[in-house]
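Peer 1: Handing you a structure now.
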There are 2 protein chains.
Amino acid sequence: MKQDIPELMRERGLDALVVYGDTDTSSDLAYLTGGAHLERAMYLHVQGQEPVLFASVLERENAAATGIPTRLWSDFPLSRFLKEAGGDMAAARIAQWRAIFEEYDVRGRVGFYGLMDMGFAYRFLSDLAAAIPEIEVVGEEPPNLFSTARETKDAREIEIMRAVGKATTEVIANVYDFLSGHRAQGDMLIQADGSPLTIGDVKAFIRLELAKRNLEETHEHIFSQGRDAGVPHNAGRPEMPLRLGQTIIFDIFPRDRATGYFHDITRTFFLGHAPDDLAQKWLDVKRVFDEVMAAIRVGEPGGNFQQMTCDLFEAMGYPTICSDPQTTVGYIHSLGHGVGLDIHEGPRLSHIGPQRVLRPGHVVSVEPGLYFPDEGWGVRIEDTIAFDENGEIVNLSHFPYEMVIPVRA
Amino acid sequence: MKQDIPELMRERGLDALVVYGDTDTSSDLAYLTGGAHLERAMYLHVQGQEPVLFASVLERENAAATGIPTRLWSDFPLSRFLKEAGGDMAAARIAQWRAIFEEYDVRGRVGFYGLMDMGFAYRFLSDLAAAIPEIEVVGEEPPNLFSTARETKDAREIEIMRAVGKATTEVIANVYDFLSGHRAQGDMLIQADGSPLTIGDVKAFIRLELAKRNLEETHEHIFSQGRDAGVPHNAGRPEMPLRLGQTIIFDIFPRDRATGYFHDITRTFFLGHAPDDLAQKWLDVKRVFDEVMAAIRVGEPGGNFQQMTCDLFEAMGYPTICSDPQTTVGYIHSLGHGVGLDIHEGPRLSHIGPQRVLRPGHVVSVEPGLYFPDEGWGVRIEDTIAFDENGEIVNLSHFPYEMVIPVRA
């Protein structure tokens, strides 16, 4: 939580931290500035001082609206430093930051955060460290200070995320109604004019439903059918007509433009009817989903539930990445991930990498799935859940799990 | 252009380059992979070898569809390196990259590109340089290799951008019609039910118009009125009713989801009528816009036209950032910027920083403006133009410059 930041700085021995970037891509900056639109802004927090936000003159009011004391870059005009540096932009930029660091008495261990071109970051921070001997540049391995602060949501954030979940499930409900309002002809769904309804038509409908709710997509949703559903990040081929009796994965993960928070939910369904063999696959995933949802709880590392998922699928005879990291079929991803101002954030429900114990305030997706493209199918079922202050599960995705969407004959 | 990359590598003495990241934020990676959706992908190009694209198993088909030879991260399983490193993730990641670099014989000067947490980039690249003595980590100042390649568009890119411009101007045309279809009551525009039409209503309409054309907004458009139009990046207050006789800045800069290319266009208009004093301000900006559009040409540094713009505004008695870098009123930004897979890219039409001579294939915005929030107004007029292979201007924003939108009495 935001209030943890001073303590997280102490734990890391940080005397100051800098978060630089654009709020629409640097989500750590969005976290600190609460929905303001800022480009090339800098948040500077010296331990024991009030933070300060540097912004462009074009965005001075956006910056001021955050409630953080604001300075303008033009208070330290780059043109002046450029002149002093004989036109050398790299030197001018270092001189500008040195002047700012001097004014705010930045010294000691300084953590740097926010997205930047990786090569430029390496060069710039190396130059900055060389130019200001009073500072030690600190870069963190993930999960860093902000991942750690952000993975625990406060009550206000969970309320926001509940609303984003509600808006997202409204979209799904309307897509279901849209589909079931169409008529089948042979094994295809057709439109009023007799032409086949395509995935592209559904995607166009989804886009309008999202826009009506001020939801935006940073990645396009997945609406993939048959063998395409067997490759997890296949978004679906627009030209493909919708067919009855095939697995369709509908995975949607929009961001609420007003608050910046994401939601993540997946349903797999069949149009018209489910063939017995594929219905069984759907039921297998649903059973794993239900068992994991019943088991998942605070106080245990997220990786335990990934292991549980793998064990359940393997007991059913499916390959998993837990026993074969190189498998391309079966269960081939992690169980879930934190959701917040990034669609993928901490804590990760993965058996690989740093383990976080699940805690009140965590918001994670739970998304077991099976993928067999060569057999022409894939199934994934996903909800996003929050653990409230008592550690109880609050399902932010409450929407029915329907195997079959009936269509008009 | 993409075909310039090997030569740009030679100019920089690069033996190899790495572009890492997600395609939706790392536009250099999007440039190389042509619209594929990829998360945590790596493009590796060793001079004289065919490039290779590393992707997750979940996205193996997205990666393969790029036509670039593909490898999976799981060919170098992190779990194995983690085990060998005794659970030390930082060491495991370095070992994984070292194994990849060994297989592809990466040595010498290696340029790194793509967005990453700046602190982590510094740490990771420092560690990588220490662990692989055969490489020298190269990070570039902007404009880097990719800015340079990307700022010159080929004929195919300009065709795409022409189509994005056309779709964007359709949105503007429909917004104009939407506004002029409303009725005035007193100094406000009202809806059929008699309630005031608000900026939020217009924004909702704009969102639908964008969604219908598969255009997305990475930043929200600007639809700002009166004093808010006097602060360039004020996006407009949704609750505010639309009023007659005020400057309204409508600046829209969507991205075409299918291709990833942006368009950028601004119109300033009055609803119903323009008061004489504000009409004169509009005409002043329009005159500067027209003079700059008539003058701008290939073969000259972009900064010359920023200086010309400042000179014209100063001759009219307005303050500018050219003579006063700290002014918050008058002409307070640069004349324009390159547009492409980023909304702001090279070449910059700025008097500060590295100067680029304008060339065939450059696509830039031209956007003079005046801002006086305390006087309750702001005006900006902007088109995006391309220089074709003969250096002729192709206006990608062709849309009329209307001062007043008539409304129903």
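Please treat every number below as a calculation from the coordinates, not as lab data. No experiment lies behind these values; they were computed from the predicted model shown. Cβ sites come from the backbone with ideal geometry, for glycine too, and all protein chains shown count toward neighbours.
Peer 1: Using every pair of alpha-carbon atoms in the protein assembly as shown, split the distances into 10 Å bins beginning at 0 and state the percent of pairs per bin, rounded to integers.
Peer 2: Spelled out bin by bin, the protein assembly as shown gives 2, 12, 22, 26, 21, 12, 4, 0, 0 percent.
Peer 1: Please compute the contact order of chain B in relative form: average sequence separation of alpha-carbon pairs under 8 Å and at least six residues apart, divided by the residue count, as a percent.
Peer 2: Rounded, it is 15 percent for chain B.
Peer 1: With point charges of +1 on the Cβ of Lys and Arg and -1 on the Cβ of Asp and Glu, referenced to the Cα centre of the range A:227-303, which listed residue (A:PHE250, A:MET293, A:HIS273) lies farthest in the positive direction of the dipole?
Peer 2: A:PHE250
Peer 1: Okay, moving on. Of all DSSP beta bridges in the protein assembly as shown, what percent run antiparallel (nearest 5)?
Peer 2: 75
Peer 1: Further, regarding this structure: Using helices alone, I'd like the mean residue ellipticity at 222 nm for chain B: each DSSP H run of four-plus residues gives -39500 (n - 2.57), total over residue count, nearest 500.
Peer 2: Only helices count here, giving -10500 deg cm²/dmol.
Peer 1: Roughly what would the spin-label model give for A:ASP388 and B:ILE393, points 7 Å off Cα along C-beta, in nm?
Peer 2: Here the modelled spin labels are 6.2 nm apart.
Peer 1: With +1 on the Cβ of every Lys and Arg and -1 on the Cβ of every Asp and Glu, and nothing else charged, how large is the dipole of the range B:152-405 about its Cα centre, in debye rounded to the nearest 20?
Peer 2: Approximately 360 debye in magnitude.
Peer 1: Would you mind listing the distances between the B:GLU291 label point and the same position in each other copy? Use 7 Å along Cα-to-C-beta, nm, one decimal, shortest first.
Peer 2: 7.7
Peer 1: If you don't mind, there's one more thing I want to ask. Find how many whole Å separate the alpha carbon centroid of the range A:248-307 from the alpha carbon centroid of the range B:351-409.
Peer 2: The two parts, judged by their Cα centres, are 47 Å apart.
Peer 1: Pull up all non-local amide H partners of B:MET188: gap of 5 or more, or a different chain, and H-to-H distance under 5 Å with H placed in the peptide plane.
Peer 2: HN-HN under 5 Å from B:MET188: B:LEU244.
Peer 1: Give me B:LEU312, A:LEU125, A:LEU58 sorted ascending by neighbouring Cβ count inside 10 Å, so fewest comes first.
Peer 2: Lowest to highest Cβ neighbour count: A:LEU58, B:LEU312, A:LEU125.
Peer 1: Sorted from fewest to most neighbouring beta carbons within 10 Å, what does the list A:ARG98, A:ARG348 look like?
Peer 2: A:ARG98, A:ARG348
Peer 1: Distances from A:GLU170 to the same residue in each other copy, label points 7 Å out along Cα→Cβ, in nm, shortest first?
Peer 2: Inter-copy label distances (nm, one decimal, shortest first): 2.7.
Peer 1: Taking beta carbons within 10 Å but only from partner chains, what does the mean come to for residues B:212-225?
Peer 2: What the average comes to for B:212-225 is 3.
Peer 1: Once you have all Cα-Cα distances for the range A:59-211, histogram them in 10 Å bins from zero and send the whole-percent values.
Peer 2: 8, 20, 22, 15, 15, 12, 7, 1
Peer 1: Moving on to the next point. Using only the Cα atoms of chain B, construct the convex hull and provide its projected area averaged over every direction, in square nanometres to one decimal.
Peer 2: The directionally averaged projection comes out at 22.4 nm².
Peer 1: Taking 7 Å along the Cα-to-C-beta vector as the label spot, tell me the A:ALA129-B:GLN47 distance in nanometres, rounded to one decimal.
Peer 2: 2.7
Peer 1: What FRET efficiency do you get for B:GLU170 and A:ARG10 if R0 is 35 Å and r is their Cβ-Cβ distance, rounded to the nearest 0.05?
Peer 2: Once rounded, the FRET efficiency stands at 0.05.
Peer 1: So, one more: Rounded, prolate or oblate for the range A:2-148? Axes are the square roots of the Cα gyration tensor eigenvalues, ordered a ≥ b ≥ c, and the cut-off for rounded is a/c under 1.5.
Peer 2: Cα axes put the range A:2-148 in the oblate bin.
Peer 1: I would also like to ask the following. From other protein chains only, count the Cβ atoms within 10 Å of every residue's Cβ in B:346-355, then give the mean.
Peer 2: 2
Peer 1: Then there's this: For A:ALA204 and A:GLU402, compute 0.36 nm times the residue count separating them, minus their Cα-Cα distance, and round to one decimal in nm.
Peer 2: Going from the current span to full extension adds 69.0 nm.
Peer 1: If you take every DSSP beta bridge whose two residues both sit in the range A:2-148, what share of them, in percent to the nearest 5, is antiparallel? Write down the numbers at each step before the final one.
Peer 2: Details: 9 of 20 bridges.
Beta bridges within the range A:2-148, antiparallel portion: roughly 45 percent.
Peer 1: Calculate one ³J(HN,Hα) per residue across the range A:392-397 by plugging θ = phi - 60° into the Karplus curve 6.51 cos²θ - 1.76 cosθ + 1.60, and present them in order as whole Hz with x for glycine and proline.
Peer 2: Here the 3J(HN,Hα) series is 6, 6, 10, 7, 7, 10 Hz.
Peer 1: Whole percent per 10 Å bin, from 0 to the bin with the longest distance: what is P(r) over all C-alpha pairs of the range B:300-409?
Peer 2: Spelled out bin by bin, the range B:300-409 gives 14, 40, 32, 12, 2, 0 percent.
Peer 1: With the label 7 angstrom out along Cα to Cβ, how close does A:TYR104 come to the same site in each of the other copies, in nm, nearest first?
Peer 2: 3.7
Peer 1: Among A:ALA64, A:LEU370, B:ASN174, whose Cα projects farthest towards the positive end of the dipole of the protein assembly as shown, with charges put on the beta-carbon of Lys, Arg (+1) and Asp, Glu (-1)?
Peer 2: It is B:ASN174.
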